[in-house]
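All remarks here apply to the structure that follows.
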Amino acid sequence: MIELSGVCKAYKVGDEPLTVLHGIDLRIEEGEFVSIMGPSGSGKSTLMHIIGCLDTPSAGEYRLCGTSVGGLSARDLAVLRNRTIGFVFQNFHLLPRITAVRNVELPLLYAGVSRAQRRSRALELLARVGMEDRAQHLPTALSGGQKQRVAIARALANDPALILADEPTGALDQRTGLEIIELLRELHSAGRTIVVITHDPTVAAAADRTIYIVDGHIQREEVRRG
Ligand SMILES: Nc1ncnc2c1ncn2[C@@H]1O[C@H](COP(=O)(O)OP(=O)(O)O)[C@@H](O)[C@H]1O
Ligand SMILES: [Mg+2]
């Protein structure tokens, strides 16, 4: 599903290029649950942005579901992203002025789904994450764990094959974080491919495989299952 070969990423900082990823080779098969660990600043989020088609490599090739992403227009990239990938972030990224159910409806709106279908699908997804009774709440009225559940429901809106989560438990206490990881494990059991970036070894250990990144290089990997 995910295939990176020799992927480099450099940012321009002033006049100097700053290389953040140095020739990453990585394959993730459909149905895997992979965690990515590494020190702060090691390039994890940059890698997730590339895997998520939010950014493109400076060099090397990235293939997602067999499509070479480098050759796509911004518009085609946005379509591929919307259909294939659901994103979960540390700070939830919910829109604060609209209800939970309307947050979940947003990706469906962008995908052109009708109003009635959006609502029924969004309510179904909120039920899936145990949030059906919070559908009409604003994000500000929800706890961190509840916000992350709503964000996961939103990530599932277009039934993506791949869920990418960048430090999804980073803003949660240990117990709530583990509940969120349990939810991701359930989605994995239902057949989804999950990639989670984390600082927390307990969270990382929930995955079948952990990839360790240091200074923009894959240092090693640890396989638990699969
Ligand atoms: N848009 C950017 N412009 C310049 N430097 C960046 C940009 N994004 C990230 N960086 C730098 O790239 C390095 C890796 O960042 P990041 O991928 O966010 O690391 P991590 O997620 O592992 O903490 C850091 O040194 C960071 O400052
Ligand atoms: Mg990061």
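The values are calculated or read from the model by the stated rules, or taken from the named source; none is laboratory data. Quick caveat: nothing in here was measured; it's all calculated off a predicted structure. As a convention, Cβ positions derive from the backbone with ideal geometry for all residues, glycine included, and neighbour counts pool all protein chains shown. The protein model used for the area step is the full one, side chains on, heavy atoms only, and it has no ligands, DNA or RNA in it. Shrake-Rupley method; radii C 1.70, N 1.55, O 1.52, S 1.80 Å.
Of all the numbered requirements in (1) more than 14 Å from LYS9 (Cβ to Cβ); (2) modelled with pLDDT under 95; (3) touching a strand residue (DSSP E or B) at 6+ places or on another chain (Cβ under 9 Å); (4) surrounded by fewer than 16 Cβ atoms within 10 Å (Cβ to Cβ), GLY70 misses one, and that requirement is (1). Taking the listed residues ARG118, ARG75, ARG81, the one that is in a helix (DSSP H, G or I), surrounded by 17 or more Cβ atoms within 10 Å (Cβ to Cβ), basic (Lys, Arg) and modelled with pLDDT under 95 is ARG81, with no other qualifying.
Please go through the stretch 41-63 and give me each residue that is within 16 Å of ligand 2 (Cβ to nearest atom) and either of a type outside the set (S, T, N, Q) or modelled with pLDDT under 95 (or both), ordered by number. Selection gives GLY41, GLY43, LYS44, LEU47, MET48, HIS49, ILE50, ILE51, GLY52, LEU54, ASP55. Listed by first and then second residue, the pairs linking a residue in the stretch 37-57 that is within 17 Å of LEU162 (Cβ to Cβ) and in contact (Cβ under 8 Å) with a residue 24 or more places away in the chain to a residue that is assigned to a loop (DSSP other than H, G, I, E, B) and open to solvent by less than 20 Å² (accessible area, probe 1.4 Å), with Cβ atoms under 8 Å apart and 6 or more places separating them unless they lie on different chains, are LYS44/GLY38. The set of residues in the stretch 5-62 that are near ligand 1 (Cβ under 9 Å from one of its atoms), hydroxyl-bearing (Ser, Thr, Tyr) and not in a strand (DSSP E or B) comprises SER40, SER42, SER45, THR46. If the condition is being charged (D, E, K, R) and under 18 Å from GLN219 (Cα atoms), then the stretch 1-56 contributes GLU3, LYS9, ASP25, ARG27, LYS44.
On the stretch given as the stretch 1-44, residues that are surrounded by fewer than 18 Cβ atoms within 10 Å (Cβ to Cβ) and of a type in the set (Ser, Thr, Tyr) total 4. When the stretch 65-84 is filtered for residues that are touching a Phe, Trp or Tyr at 6+ places or on another chain (Cβ under 7 Å) and under 23 Å from VAL113 (Cβ atoms), only ASN82 remains. If you check VAL88, VAL104, VAL113, VAL129 for being within 24 Å of LEU183 (Cβ to Cβ), of a type outside the set (Ser, Thr, Tyr), without any contact (Cβ under 8 Å) to a residue 12 or more places away in the chain and surrounded by 14 or more Cβ atoms within 10 Å (Cβ to Cβ), only one passes: VAL113. Of all residues assigned to the stretch 109-117, at least one qualifies as being of a type outside the set (A, V, I, L, M), within 22 Å of ARG134 (Cα to Cα) and more than 16 Å from ligand 1 (Cβ to nearest atom).
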